[in-house]
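**Q** If you scroll down you'll find the structure; I have some questions about it.
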Amino acid sequence: MKRKTRMWSNLSAKIASVPMLVTAIGVFVLCVVYSIALSFTRSRYFPKFDFIGFDQYVRLWTTDRWTVSVSNLLIFGLLFVGFCLLLGFLLAVMLDRNIRMEGVFRTTFLYPYALSFVVTGLIWQWMMDPALGIQNVVRNMGWESFSFAPLTSTTYAIYGVVIAAVWQGTGLIMCLMLAGLRGVDREIWKAARVDGIPLWRTYIFIIIPMIRPVIVTSVVLLSISVVRVYDLVVAQTGGGPGIATEVPAKFVIDHFTERGNVAIAMAAATMMLLPVLLLVGPWVYNEYVRRVRA
Amino acid sequence: MTQTNPAVARGRKPKKMSPARYGLYGLLVISATFFLTPLYVMIVTSLKPLEEVRLGRLFSLPADITFDAWIKAWSTACTGVTCAGISPGFVNSVQITVVSVLISVLLGAVNGYALSFWRYRGANVLFGILVMGAFVPFQAVIYPLIVFQREIGIFGSLAGIVMVHCIFGMPIITLIFRNYFSSLPEELFKAARIDGAGFWQIFLRIMMPMAVPITAVAVILQTTGIWNDYLLGLVFGGRDNQPMTVQLNNIVTTSYGVREYNVNMAATILTAAVPLVIYFLSGRFFVQGIAAGAVKG
């Protein structure tokens with residue numbers, strides 16, 4: 001009897017949670033399972049459940065475009081995460097030195113984050129145009145051999161994408177780091193000054209270890225956006241020249257749309273999902289699920 | 001943007017400008033230049049006639065300012081088959097954004113409220129799955145959603161794309177509201193329960209009026225996020241609901257003969273205008289949204 005009333009007492013709450021239930025289970029569990037299942041089939045344009053084992057994965061890893069995409073993702077990811085952390089931290093430190101017009105500088109560093117990746121990609125494509133962009137301006141000033149047109153070179157194009165991404169993403173990290181720095185206890189600074197520890201040592205050996213949670217959050221966030229990078233590449237290089245700037249996210253989309261090869265696209269999507277689950281799973285559990293119970 | 005963080009700067013207060021201080025300001029100005037240059041180039045290029053653009057003086061101010069590129073970008077530039085400029089995309093983006101933001105914020109608020117005060121069995125697990133969902137790459141979910149939407153016949157329609165935005169926005173908006181409602185005193189809720197108020201009454205009469213600031217944060221986060229989306233608009237927008245970002249990319253990649261850089265730049269600014277205006281006007285809320293919703297990545 002008691003159990004029954006309890007079940008009814010929060011009936012409205014349960015009904016109100018139906019959209020959440022449908023999204024969590026229906027999309028983030030069932031759709032993911034469906035995608036993974038399709039990766040073991042021979043589906044072309046439409047889903048077809050004729051299982052063939054790991055054939056698609058073998059094919060995937062012997063496809064040039066995929067291996068190039070993965071190595072691009074690693075290069076891009078390392079440089080993007082590294083530079084965003086470094087620049088974001090340095091900017092936050094500079095803003096935290098009691099400067100004038102802090103708000104103006106902060107607004108300036110953060111505004112690119114409000115833009116669409118498509119916009120960012122197009123702006124930087126224009127800046128890096130070999131005939132009309134920065135390269136041409138510097139050459140006109142007299143430095144004839146100056147060269148800055150990464151997007152025309154198969155070797156350097158990916159670095160051009162990194163520059164655009166760092167331009168857009170640094171502000172976010174600056175913002176998070178600044179919040180972290182402001183959370184450091186004032187007494188720490190006093191103690192360090194009394195002990196005569198030089199400023200740079202205070203930052204490296206005392207402050208950085210203290211803001212470790214912020215750094216971990218930043219790394220997780222940046223890594224997620226690395227795996228997701230798609231629009232930026234589409235707008236800035238279209239994956240070119242050739243396949244020089246292809247990325248896994250674009251591989252998946254292109255293969256289940258214009259190339260009509262759903263199965264291999266889903267195999268690629270599953271490969272994208274793996275590192276995310278391995279990396280983020282424990283972090284989410286730690287940050288959200290466990291804290292809720294505590 | 002001056003009130004982002006109430007805490008004061010922790011650096012030592014300088015007595016007078018030392019060389020190090022000059023160096024500090026020098027570095028800040030150089031950094032600011034790096035961030036501002038692309039915006040500056042975009043604006044001046046869009047105001048130049050094409051002949052002047054071709055001179056390749058990227059940083060020079062326009063000799064004679066003209067808004068022709070803006071007019072063309074808005075109303076006559078070609079996006080693939082049609083040549084009506086980017087304005088249809090603007091209308092589509094407004095429709096998609098308004099409807100999606102309304103629904104997704106409302107859903108997120110109800111979810112957060114239910115999770116905070118009506119802890120039914122399995123709520124934590126459900127929430128854990130939902131938060132994981134914020135990290136799942138779209139690519140692992142999009143195809144099944146296409147299949148599903150084709151089945152029920154809403155693929156390519158406004159309803160279809162709104163549904164997708166609500167799905168992908170739900171984890172972060174729910175998280176924001178749940179964190180907010182969890183910080184409210186439990187007694188508030190208990191008192192209302194004792195007075196006999198039900199689920200919806202408490203939500204509408206007590207919780208939502210208190211949640212106005214956090215709702216503003218959620219609305220801003222979702223508006224910029226959905227406006228800036230490209231991938232979902234491309235895949236789910238179909239022919240009739242392409243958002244502005246997709247049309248922008250089409251304008252730039254569709255070029256017959258000469259590439260009109262000034263028109264491209266004008267179209268780019270027009271697309272960026274909405275989130276930029278929101279950013280500059282909303283300052284504090286935008287930054288709070290980032291802090292709360294950085295998960296969205």
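Throughout, read-outs are computed from the coordinates displayed, never taken from laboratory work. Note that the coordinates shown come from a computational prediction; the quantities given were computed from them, not determined experimentally. Virtual Cβ from ideal backbone geometry, glycine too; neighbours counted across all protein chains shown.
**Q** Can you find, among A:Pro47, A:Ile207, B:Ala273, the residue farthest towards the positive end of the dipole of the protein assembly as shown? Put +1 on the C-beta of Lys and Arg, -1 on that of Asp and Glu.
**A** Going by the charge dipole, the pick is A:Ile207.
**Q** Right, another one. So how far, in whole Å, is the C-alpha centre of region A:58-86 from the one of region B:228-251?
**A** Each part reduced to its Cα centre gives a spacing of 26 Å.
**Q** Let me know the mean shielding of A:131-138 by other chains, meaning the per-residue number of their Cβ atoms within 10 Å of its Cβ.
**A** Per residue, the number of nearby Cβ atoms from other chains is 4 on average.
**Q** Defining a contact as two alpha carbons under 8 Å apart and six or more residues distant in sequence, what relative contact order in percent does region A:65-293 show?
**A** Contact order relative to length: 30 percent.
**Q** Separation between the B:Ser18 and B:Thr254 pseudo-spin-labels, each 7 Å from Cα along Cα→Cβ, expressed in nm?
**A** Simple spin-label model gives 6.1 nm for this pair.
**Q** Relative contact order of chain B: what whole-number percent is it, with Cα pairs under 8 angstrom and at least 6 residues apart?
**A** The value is 30 percent.
**Q** Dipole magnitude of chain B about its Cα centre, charges +1 at Lys/Arg Cβ and -1 at Asp/Glu Cβ only, in debye to the nearest 20?
**A** 1220
**Q** How high is the FRET efficiency from A:Thr155 to B:Ala197, r the C-beta distance, R0 45 Å, rounded to 0.05?
**A** 0.10
**Q** Work out the mean other chain Cβ neighbour count within 10 Å for the residues of B:268-280 and drop it here as an integer.
**A** Going residue by residue through B:268-280 and averaging, the value is 4.
**Q** How far is helix B:19-46 tilted off the main Cα axis of chain B, in degrees rounded to 10, range 0 to 90?
**A** 70
**Q** Something else about it: If I model a spin label as a point 7 Å beyond the Cα along the Cα-Cβ vector, how far apart are those points for A:Asp55 and B:Val94 in nm?
**A** 5.2
**Q** Let me ask another. Where in chain A is the longest stretch that carries no trypsin sites (Lys or Arg not before Pro) classed as loop by DSSP and with at most 16 other Cβ atoms within 10 Å?
**A** With a cap of 16 other Cβ atoms within 10 Å, the longest stretch comes to A:101-258.
**Q** Turning to a different aspect of this structure: Karplus couplings for region B:266-273 from phi (6.51 cos²θ - 1.76 cosθ + 1.60, θ = phi - 60°), rounded to Hz, Gly and Pro as x?
**A** 5, 5, 4, 4, 4, 5, 7, 4
**Q** Within a 10 angstrom radius of each residue's Cβ in B:118-124, how many Cβ atoms of other chains show up on average? Whole number is fine.
**A** What the average comes to for B:118-124 is 5.
**Q** Something else about it: Counting only residues 5 or more places away or on other chains, whose amide H sits under 5 Å from the amide H of B:Thr79 once H atoms are built in the peptide plane?
**A** The answer is B:Ala84, B:Gly85.
**Q** Could you work out the relative contact order of region A:1-143? I mean the mean sequence separation of Cα pairs under 8 Å and 6+ apart, divided by the number of residues, in percent.
**A** Reported as a whole number, the value is 7 percent.
**Q** Continuing with the same structure: Calculate the FRET efficiency for B:Leu204 and B:Glu51 from the Cβ-Cβ distance with a Förster distance of 41 Å, rounded to the nearest 0.05.
**A** 0.10
**Q** Might you list the cysteines of chain B that have no disulfide-compatible partner by the rule of another cysteine's Cβ under 4.7 Å?
**A** Unpaired cysteines in chain B: B:Cys166.
**Q** Identify, among B:Val44, B:Val252, B:Met132, the residue whose Cα sits farthest towards the positive end of the charge dipole of chain B, taking +1 on the Cβ of Lys and Arg and -1 on the Cβ of Asp and Glu, with the dipole about the Cα centre.
**A** Comparing the listed Cα positions along the dipole, B:Met132 ranks first.
**Q** Compute the Cα gyration tensor for chain B, then decide on rounded, prolate or oblate, letting a ≥ b ≥ c be the square roots of its eigenvalues: rounded whenever a/c is under 1.5, prolate when a/b is larger than b/c in the other cases, and oblate in all that remain.
**A** Oblate shape, in that a/c is at least 1.5 and b/c is the bigger or equal ratio.
**Q** Here is a further query. With each label point set 7 Å from Cα along the Cα-Cβ vector, what nm distance links B:Val147 and A:Leu274?
**A** About 2.2 nm, to one decimal.
**Q** Rounded if a/c is under 1.5, else prolate if a/b beats b/c, else oblate: with a ≥ b ≥ c from the C-alpha gyration tensor eigenvalues square-rooted, which is region B:19-66?
**A** Verdict is prolate for region B:19-66.
**Q** Which residues among region A:109-149 fall inside the zone where the amide N is under 19 Å from a point 7 Å beyond the Cα of B:Ser60, along Cα→Cβ?
**A** Under 19 Å, as judged by backbone N against the label point of B:Ser60, lie A:127-144 of region A:109-149.
**Q** Related question: Chain A: longest stretch without exposed GluC sites (Glu not before Pro) (DSSP loop, at most 13 other Cβ within 10 Å), sites themselves excluded?
**A** A:1-143
**Q** In whole Hz and in residue order, list the ³J(HN,Hα) couplings for region B:246-252 that follow from phi through the Karplus curve 6.51 cos²θ - 1.76 cosθ + 1.60, θ = phi - 60°; x for Gly and Pro.
**A** After applying 6.51 cos²θ - 1.76 cosθ + 1.60, I find 5, 5, 4, 4, 5, 4, 6 Hz.
**Q** Follow-up question, since we're still on this one. Excluding residues fewer than 8 places away in the same chain, name every one of the aspartates and glutamates whose C-alpha is closer than 13 Å to that of B:Lys72.
**A** B:Glu260
**Q** About its Cα centre, what dipole magnitude does region B:147-228 give when the only charges are +1 on Lys and Arg Cβ and -1 on Asp and Glu Cβ, stated in debye to the nearest 20?
**A** In debye, rounded to 20, region B:147-228 gives about 40.
**Q** Calculate the dipole size of chain A relative to its Cα centre from +1 charges on Lys and Arg beta carbons and -1 charges on Asp and Glu beta carbons; express the result in debye to the nearest 20.
**A** With only Lys, Arg, Asp and Glu charged at Cβ, the dipole is about 1520 debye.
**Q** In whole angstrom, how far apart do the alpha carbon centroids of region A:92-168 and region A:182-222 sit?
**A** 29
**Q** Which shape class applies to the protein assembly as shown: rounded if a/c is under 1.5, otherwise prolate when a/b exceeds b/c and oblate if not, where a ≥ b ≥ c are the square roots of the Cα gyration tensor eigenvalues?
**A** It comes out oblate by the Cα gyration axes.
**Q** With Kirkwood's inverse mean 1/r over C-alpha pairs for Rh, give me the Rg to Rh ratio of region B:146-275, two decimals please.
**A** Dividing the radius of gyration by the Kirkwood radius yields 1.16.
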